[in-house]
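Values quoted throughout were computed directly from the atomic coordinates according to the rules given, and no laboratory measurement underlies them. What you see is a predicted model, and the numbers here were worked out from it, not measured in a lab. For neighbour counting, all protein chains shown are included, and Cβ atoms are generated from backbone atoms with ideal geometry for every residue, glycine included.
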């Protein structure tokens, strides 16, 4: 016996309701856990600069509001082009993950200052600030 129009309409309504409920649940979970999905700092200590890139130096950057940011300075290889490239480590890890880029830039004659954001690794604040906050 073929399903009636009322039975077919009821099945479609149940399917639509199920899809909407699942979508709302997933969006709610994404909203609740958004900070954990955005900020992904590495959990291991950052090794010394020289241990990762021979000749690199550990540096501490002091901000005007008293925050200390961990950084590495990688001097240019010869020929030195006379400028420095600033490389931010990003929010998925730490400066060690950007070491291959720093090595390549130094090899091309550019010094590199590779630093971590506030709240990451060697920075003195434990939580990255929200956008627009000091």
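Pairs of Cα atoms in the stretch 21-87 fall into 5 Å distance bins, from 0 up to the last occupied one, in shares of 3, 12, 12, 15, 14, 11, 9, 8, 7, 5, 3, 1, 0 percent. A prolate overall shape is assigned to the stretch 49-115, the ratio a/c of its alpha-carbon gyration tensor axes (a ≥ b ≥ c) being 1.5 or greater and a/b exceeding b/c.
Which FRET efficiency, nearest 0.05, do residue 11 and residue 97 yield, Cβ-Cβ r, R0 41 Å? The formula returns an efficiency of 0.25 here. Only beta bridges with both residues in the stretch 49-115 are counted; by DSSP, about 65 percent of them are antiparallel. Highest-first packing order for the peptide set 70-83, 104-117 is 104-117, 70-83, based on the mean count of other beta carbon atoms within 10 Å.
With the simple model of a label 7 Å out from the Cα in the direction of the Cβ, residue 27 to residue 57 spans 5.3 nm.
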